Amino acid sequence: MPLLNETREKLRHVSTATLCTALFKRGLRNQFIQDVRPLGAPTRTMVGQAFTLRYIPAREDLNPLSVFRDREHPQRKAVEECPAGAVLVMDSRKDARAASAGSILVSRLMVRGVEGVVTDGGFRDSHEIAELPFASYHNRPSAPTNLTLHQALDINGPIGCGDVAVWPGDVMVGDGEGVVVIPAAIADEIADEATEMTVFEDFVLSQVQNGRSIIGLYPATDEQSLLDFAAWRSAKKR
């Protein structure tokens, strides 16, 4: 199910916190990837469909440095096949003792037009990646090559990343707090609801900053709060 451009743009203007609440209302309580954070300060919200790579624990006789000479090596192949506008999501088993990738592969993703990259492991050359104008999320820096502990195996199948199930095509949204996974089938309705929630939260914040109590306002259990919101929204043309 392709991600609509209008849905992508809506998701760029809502927070992962708001999206988590919208998903929670639908019974989806485990969609925020744990212990993953952005490298550098994000300049815009990352939004793209998941293209996945799965690592398993490395076995030394099958994972020498020479495997990178294989043009079909899954890690290299994933970097070259991840579609423009997608997010490469790596299952590194929450193990950051060896890198999931480094600055050369991440730079290749960037110049190919990929939207971003996420791993529940670590990146090497992390200081270089942090300076790229590219959305990158990991657990922590890690200098050793991925071959030390990780063996790339599968491309674009279901994976786990930071204790969250990720299916190819799921919509990944990343901001300064982290990354949330939206099932593709409900991405449009989640984007619409989160957009409305964001408008209301902006109203609430403006009221709180002016000294108003949150009781009856957040949530809006007082009818006057709803009337005030309608008037505020009309004035702001939102």
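Taking amide hydrogens as placed 1.01 Å from N in the peptide plane, the amide H of residue 49 sits under 5 Å from those of 87, 172, each at least 5 positions away in sequence or on another chain.
Note on residue 185 and residue 34: the extension gain reaches 52.1 nm, defined as 0.36 nm multiplied by sequence separation minus the Cα-Cα distance.
Phi-derived couplings, Karplus 6.51 cos²θ - 1.76 cosθ + 1.60 at θ = phi - 60°, listed residue by residue for the range 150-167: 10, 10, 5, 10, 10, 10, 6, x, x, 9, x, 9, x, 6, 10, 6, 10, 9 Hz, with x used for Gly and Pro.
Under the simplified labelling scheme, the residue 214-residue 104 pair shows an inter-label distance of 5.0 nm, with each label point 7 Å from Cα along Cα→Cβ. Note on residue 17/residue 145: beta-carbon distance plugged into 1/(1 + (r/R0)^6) with R0 of 30 Å gives a FRET efficiency of 0.25.
The string of couplings for the range 143-148 from the Karplus curve (6.51, -1.76, 1.60, θ = phi - 60°) is 7, x, 4, 4, 4, 4 Hz, one whole number per residue in order, with x for Gly and Pro. In order along the range 56-61, the Karplus-derived 3J(HN,Hα) couplings, from 6.51 cos²θ - 1.76 cosθ + 1.60 at θ = phi - 60°, round to 10, x, 5, 10, 4, 6 Hz, and Gly and Pro are given as x. Summary: within the chain, the longest segment free of GluC sites (Glu not before Pro) located in DSSP loops with at most 12 other C-beta atoms within 10 Å is 132-238.
Taking each DSSP H run with n ≥ 4 as -39500 (n - 2.57) and averaging over every residue of the chain yields -9500 deg cm²/dmol at 222 nm.
Would you mind getting me the FRET efficiency between residue 59 and residue 127? Use the beta-carbon distance for r and R0 = 45 Å, nearest 0.05. Approximately 0.90, to the nearest 0.05. Close amide H partners of residue 151, meaning residues 5 or more places away or on another chain with modelled amide H under 5 Å apart, are 56, 58. Calculated FRET efficiency, residue 80 and residue 196, Cβ-Cβ r, R0 35 Å, to nearest 0.05? After rounding, the FRET efficiency stands at 0.35.
Label point of residue 111 set 7 angstrom out along Cα-Cβ; within the range 56-81, amide nitrogens under 14 Å from it belong to 80. Bridging of residue 10 to lysines at a Cα separation below 22 Å is possible for 25, 236, 237, once same-chain residues fewer than 8 apart are set aside.
Where a number appears in this text, it was derived from the coordinates with a stated rule and is not lab data. Here the structure is a predicted model, which is why all the values come from computation and not from measurement. All Cβ positions, even for glycine, are placed from backbone atoms using ideal geometry, and neighbour counts span all protein chains on display.
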